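Down below is the structure, laid out as structure tokens.
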Amino acid sequence: MSDVLDEIFERVVASRIFRNRDILSPDYIPDRLPHREEQIKRVGSVLAQALKNSRPNNLFIYGLTGTGKTAVTLYVLRRLVEKAKQLGVRVSYVYVNTRQRDTPYKVLADIASSVGLRVPFTGLSTAEIYARLVRALSRWDGVLIIVLDEVDWLVRRRGDDLLYKLTRIGYDLPPGSAKVSLVGITNDVRFVEMLDARVRSSLGEEEVIFPPYNAEQLRDILWERASQAFQPGVIDESVISYCAALAAREHGDARRALDLLRVAGEMAERENAPRVTVEHVKKAWIQIERDRIYEVVSTLPLHARLAILAAIRAQRTSGRDYTTTGELYAHYRELATRIGVEAVTQRRISDIINELDMLGILSARVISRGRYGKTRMITLAADEDTVLAAIAQDPRLREVVNTLL
């Protein structure tokens, strides 16, 4: 066994495929961001006010997943902080991904930490942490830029009270103290519609929209990263073009394209292949799709997972390859009763079906039945085994899943 491990370790250490694998990571911020020059200028022009020790306008950035929103924001902020140091101006920023830090307590704790205020993991109310943060900022001289990434995730789960407080924090600070600016980033282009009118007017002082990349732009991005990430001669035009074409089909998602190229390289490395081929990319696509579905389903709320189970159960019971909203809801109510939770309304389940359709878990297609009106044909759009495996991680639903296997 040790010989096998030694072989694996040596293959990675003396890789014939990768020179620097981290360059293909979505968290890597390169020195140049192709095809985002206009967005860099726009974000930079808004935040540059900090260099005069003035509060920049709050900024709202939105666009689909993988369009460079986070990379551009962090790129501009790092350059901004460097320039501020040269000018002797105090500018700092804190980046919080609210999908990972998914409560107001955790978000405020991260912001507090950025200005040197230590907050216990638990034990304080959100109001108390906010009050302590305000007191700390009143003694903090400079400009603090707070970046809330995937801010829609926090608002959907916890409401927009925290967002309202942060957009108005300047009113709680005395003159001459810290100046605080907020940058909100979201993948949901309709997110603004969810916000209270007061939050919308405060947060949306400035807006930047990130359009999807096209296949040609994705090809440029991939080539630039690949030239640094891979050993010379292990990748060619056909592989880059294929990755770009697949990602362009998925709404121009550069993150998906980079993941695809990285996983394809990892597969070639494991096979001890001399080159990365299109076949490696095809295998990588299947693996990534399964991983994505598993991650999405694992993080869904309980009633959304019950709706998925109800859809699978309804299809099997009816013997058809689809079900309807009414049938799905009947099965959903049975499953909710079975695990001892109160069922939500059929209207709410209908909304959940729409959300699952957008995520690519269910497919809900409206068809006309002539004089009988319209109905929705609902089918499972993702790999069933992957979906059930993700849902079975919840002990409350494991028995239900077992009855479907």
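If you average the C-alpha positions of segment 32-65 and of segment 170-192 separately, how far apart do those two centres end up, in angstrom?
Value for the Cα centre distance between the two parts: 14 Å.
Past 24 Å, Cα to Cα, is the threshold; run 85/165; 69/282; 85/179; 85/106 against it and keep the listed order.
Among 85/165; 69/282; 85/179; 85/106, the Cα-Cα distance tops 24 Å for 85/165; 69/282; 85/106.
Using the reciprocal of the averaged 1/r over all distinct C-alpha pairs, how large is the Kirkwood radius of segment 37-210 in Å?
Its Kirkwood hydrodynamic radius stands at 16.2 Å.
DSSP loop (so not H, G, I, E, B), at most 16 other Cβ within 10 Å: list which GluC sites (Glu not before Pro) in segment 203-248 pass both filters.
Of the GluC sites (Glu not before Pro), the ones in loops of segment 203-248 whose Cβ has at most 16 other Cβ atoms within 10 Å are 205.
From the Cα gyration tensor of segment 213-297, with a ≥ b ≥ c the square roots of its eigenvalues, which class applies: rounded if a/c is under 1.5, or else prolate if a/b is larger than b/c, or else oblate?
It comes out oblate by the Cα gyration axes.
If I take R0 = 45 Å and measure r between the Cβ atoms of residue 346 and residue 161 in this structure, what FRET efficiency does the formula 1/(1 + (r/R0)^6) give, to the nearest 0.05?
Computed FRET efficiency for residue 346 and residue 161 comes out at 0.95.
For segment 231-351, build the charge dipole from Cβ charges (+1 Lys, Arg; -1 Asp, Glu) around the Cα centre, then report which of 341, 273, 304 sits farthest towards its positive end.
Farthest along the dipole direction, towards plus: 341.
Please report 242, 75 as a ranked list, fewest other C-beta atoms within 10 angstrom at the top and most at the bottom.
Ascending Cβ contact count within 10 Å gives the list 242, 75.
Where the eigenvalues come from the Cα gyration tensor of segment 13-103, what are the semi-axes √(5λ) of the equivalent ellipsoid, largest first, in whole Å?
27, 17, 14
Between 59, 87, 166, where does the largest GNM mean-square fluctuation fall for the chain, given springs only between Cα atoms within less than 10 Å?
In the Gaussian network model the winner is 87.
In debye, nearest 20: dipole of the chain around its Cα centre with unit charges on the Cβ of K, R (+) and D, E (-)?
So the dipole magnitude of the chain works out to roughly 1220 debye.
Rank by packing, highest mean first: peptides 246-259, 317-330, with packing defined as the count of other Cβ atoms within 10 Å averaged across residues.
Ranking the peptides 246-259, 317-330 by packing returns 246-259, 317-330.
So how far, in whole Å, is the C-alpha centre of segment 317-352 from the one of segment 111-161?
A separation of 39 Å, based on Cα centres.
We did not get these values from a lab; they are worked out from the coordinates using the rules stated. Quick caveat, the model's predicted, so the values are computed rather than measured. In this analysis, Cβ positions are derived from the backbone assuming ideal geometry, glycine residues included, and neighbour counts consider all displayed protein chains.
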